[in-house]
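Inspection log for the structure reproduced underneath, given as C-alpha cells.
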Amino acid sequence: MWYLLGDVGGTNLRLAAIDETGALGTRQSLPTAGTADLPETCAAFVAEMGGPPKAIAIAAAGVVEEGRVTFTNAAKHVSTTELAEACQLPTENVLLLNDFEAAAWSLATIDPGEVTYLQGGPDPQPGARVIIGPGTGLGVGALVWQKGHPSAVPGEGGHLRLTPHSAEEVAYFEALIADWPEVQMGDGLAVEAEAILSGTGVPRWYRAIAKARGEEAPLEDASAIFDAAQAGKDANACRAIASFARYLGGIAGDLGLIFGARGGVFITGGVAQANPWIFDEAFLAAFNAGGRHSDWRRALPVGLCQDPDFGLKGARNCLFTRLD
C-alpha cells in the first residue's frame, strides 16, 4: 500500500511515493513548465509504481477553489477529478491543497535539525507557527492547534502590500510600478509583496532601482543579482537585496504578531534556502521593529528552514490527518 504526494511550485514539479509509515520513497522532479500536464505526469508515475495509490495529496502554488487550482506563476490548472481519473482513484481519495497550506502542515512535524535559528531555540514552543517562503513567488501559511490537533490556515499572504521605507525608495517604487503596473495596490505607491520578495520580483526591483538612479542594470536574473550583492560587485544589486532582506524581515515579524506565533516564524523557499547569508542582523532588526510591541516580537523564535522536502512532508501530514 502506498500514497502519492506532489509539490508543484512555479519552477519545479516534484512527486514522491510514501508508505504507511510516511517515509518518502521513490521520487521524481520535473520543471513545472514542462510539456506534460500534471495528471499525465501522475499517471506515468503510477504506472512505474505498478498500480494505483490508496490516496493522493497534491500541494500546488495557486488558489484552490471547489477542487480546482490555477497555478499562480504557471499557465496551467488542474482539478481533483482529472487527477482521480489519471490515477484510477475515486475523487474523494484525492486531496488538492495550496502549496503554503502544505508548508504550514510541515510545521506539525518540523525537524529541529533542519532549522537554523536566528532568534530563540530549537525546543518546541506551544502556540501558532508561521511559515513564509520567497521562491518563484511568495508563500505564507500558518499552523494553529484546535483541541490539541494541528490545523493549517491557508491564504495569500504573499500579496500583502509593501510601501517605501524612506524618501529615497519613493523613486524606486515609482519606477517599479511604471514597469509592472499590475502589481500596484490602489492609487498610491503600494505594491504587492511578491513584486519584490520573490525570484520573479527581484530582477524587476533591481532594474527599478537602477532606472530611478539613472544607472545601468546589467544583471538579468535573481540568482545573478543575489550573487553580485553577496560579492559586493554591483551597487544596485546590493541596494536591491539589502531592501529585500529588510522587507522580508518586516513582513515576517508582522505575520508573527498577527498570528501570535509563539511556536515560531519559519523562513523557507528556494530563494531563502539558496541565500542564507541575507539573514543577518539587519533582517532580524526589521523582524523585531514592532514599536510598542518590539519586546513581544523579540520573544518569537525565528528560524531558517532548510528542509528541501517541506512541501511534500506537509502534503503527507495533511493527507494522513484527513484519512484519520
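The values are calculated or read from the model by the stated rules, or taken from the named source; none is laboratory data. Worth saying up front: this structure is predicted, and the values here are computed from it rather than measured. Every residue, glycine among them, receives a Cβ derived from its backbone with ideal geometry; neighbour counts consider all protein chains shown. Surface accessibility is based on the protein's heavy atoms, side chains included, excluding ligands, DNA and RNA. Shrake-Rupley method; radii C 1.70, N 1.55, O 1.52, S 1.80 Å.
Within region 87-109, can you find the residues that are open to solvent by 40 Å² or more (accessible area, probe 1.4 Å) and either assigned to a loop (DSSP other than H, G, I, E, B) or basic (Lys, Arg) (or both)? Gln88, Pro90, listed by residue number. Among the residues of region 75-86, those identified as more than 16 Å from Tyr3 (Cα to Cα) and either out of contact with any strand residue (DSSP E or B) (no Cβ under 9 Å at 6 or more places or on another chain) or part of a helix (DSSP H, G or I) (or both) are Ala75, Thr81, Glu82. On the stretch given as region 109-126, residues that are farther than 15 Å from Arg298 by Cβ and small (Gly, Ala, Ser) total 1. Within region 110-124, the residues that satisfy the criterion of being outside any strand (DSSP E or B) and open to solvent by 50 Å² or more (accessible area, probe 1.4 Å) are Asp111, Pro112, Gly113, Glu114, Gly120, Pro122, Asp123, Pro124. Scanning region 201-220 for residues that are at pLDDT 95 or above, touching a Pro at 6+ places or on another chain (Cβ under 9 Å) and open to solvent by 10 Å² or more (accessible area, probe 1.4 Å) gives Ala217, Leu219.
Restricting Ser198, Ser223 to residues that are touching a residue at least 40 places away in the same chain (Cβ under 8 Å), open to solvent by less than 10 Å² (accessible area, probe 1.4 Å), out of contact with any His (no Cβ under 9 Å at 6 or more places or on another chain) and hydroxyl-bearing (Ser, Thr, Tyr) narrows the list to Ser198.
On the stretch given as region 276-296, residues that are in contact (Cβ under 8 Å) with a residue 12 or more places away in the chain and within 16 Å of Arg262 (Cβ to Cβ) total 5.
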